[in-house]
Amino acid sequence: MKNVKTLALAATAVAATMSAPTFAADRSDLRAGDYSWMQFNAMYAVNELPRSDADDGGHDYLEMEFGGRAGIVDLYGYVDVFNLTTSSSGDKATGTDKSRMFMKFAPRFSIDAMTGWDLSAGPIQEVYFSTLFNWGGGVIGEDVNASFWGIGADVMVPWLGKTGMNLYAHYDMNRKDWNGYQFSMNWFKPVVNFDNGTFISFQGYVDYQFGGDDTWGDEFVPMSSHGGAAYFGAHWHSENYALGYGLKAYNDVYLIEDGAGIVGLESTGFAHYFTATYKF
């Protein structure tokens, strides 16, 4: 029987940086540790931020996640499609100007594998040139169109185990200008194991932006110089399925100043996520 824990580690969103075993300088076959995965998540979000008072509520969405390791490339990504039920209520209601889709694409390129050097040291297992792209499904030039460029590593953290960490510089492709930095980390920690091979994991991530230019805002949506979000989830995993709940905490997320300006968007607070997953 396939190892359920291994499959789950490869098939969860927070496993974006949990790649194949650490690259060694004398490894002769770069493709020996290759793997790939894909899963579909039926999700419901409650009080997701940022939002206006009129958008208070929740929404359903379908998320296709994918990723893996191929030679020098460690990949994670997902595509979200919102409001599949075409509900007329909630924060993604039909008849509004909300974007229907969102995509995240995050390839990292192993510096160890590209150079043949073994850059592992202490808790650091592998070092990467890291990239991240966030794309909205709305009007080109108006919806989210951001890229991030930097350095990353797989780091062994006490109790959490292998944790992906990345430090990026943020480039806004709509404005064609740089604006601050982002630190990201994600983890996956099995905490309860059952006799039938299923288990419960503590999994999550942190995305924190800083050094931003708060003059990018206006009287409608003022901007902050720092902010971010953190997700803390408890998920039950089997070989083919998963069920989960996550609490997400926000603080001036996307550098939007909470409650300020004419629009008065809420960007600080908490949201709840419920997930049912089928793994391919």
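A short reminder: the numbers here are calculations on the coordinates, not readings from a lab. Here the structure is a predicted model, which means the values were calculated and not measured. Methodologically, a virtual Cβ is constructed for each residue, glycine included, from the backbone with ideal geometry; neighbour enumeration extends over all protein chains shown.
The calculated P(r) of the chain, using every Cα pair and 5 Å bins from 0, goes 1, 6, 11, 16, 18, 17, 14, 9, 5, 3, 1, 0 in percent.
If you count, for each residue, the other Cβ atoms within 10 Å and average over each peptide, how do 261-267, 149-155, 110-116 line up from highest to lowest?
Values: 261-267: 16.1, 149-155: 20.0, 110-116: 17.9.
Sorting 261-267, 149-155, 110-116 by mean packing, highest first, produces 149-155, 110-116, 261-267.
Site pair TYR208 and TYR44 shows an inter-label distance of 3.3 nm when each label is modelled 7 Å from Cα along Cα→Cβ.
Please go through the residue pairs LYS104/LYS279; LYS92/LYS189; LYS92/LYS176; LYS104/LYS248 and name each one whose alpha carbons sit more than 21 Å apart in this structure.
Working: LYS104/LYS279 19 Å; LYS92/LYS189 32 Å; LYS92/LYS176 28 Å; LYS104/LYS248 18 Å.
With Cα atoms farther than 21 Å apart: LYS92/LYS189; LYS92/LYS176.
Label positions at ASP34 and TYR241, each projected 7 Å from the Cα along the C-beta direction, are separated by 3.3 nm. Projecting label points 7 angstrom from Cα along Cα→Cβ for ILE151 and LEU167 puts them 0.7 nm apart.
Hey, what number do you get for the chain at 222 nm if only DSSP H runs of n ≥ 4 count, each worth -39500 (n - 2.57), divided across all residues, to the nearest 500? List each step's numbers first, then the result.
Working: 2 runs with 12 residues, N = 280.
The helix contribution divided over the chain gives -1000 deg cm²/dmol.
Taking ASP60, ASP34, ASP252 as the candidate residues, the one with maximal mean-square fluctuation in a Gaussian network model of the chain, Cα springs under 10 Å, is ASP34. Only Cα pairs under 8 Å and 6+ residues apart enter the sum, and on that basis the relative contact order of segment 4-279 stands at 17 percent.
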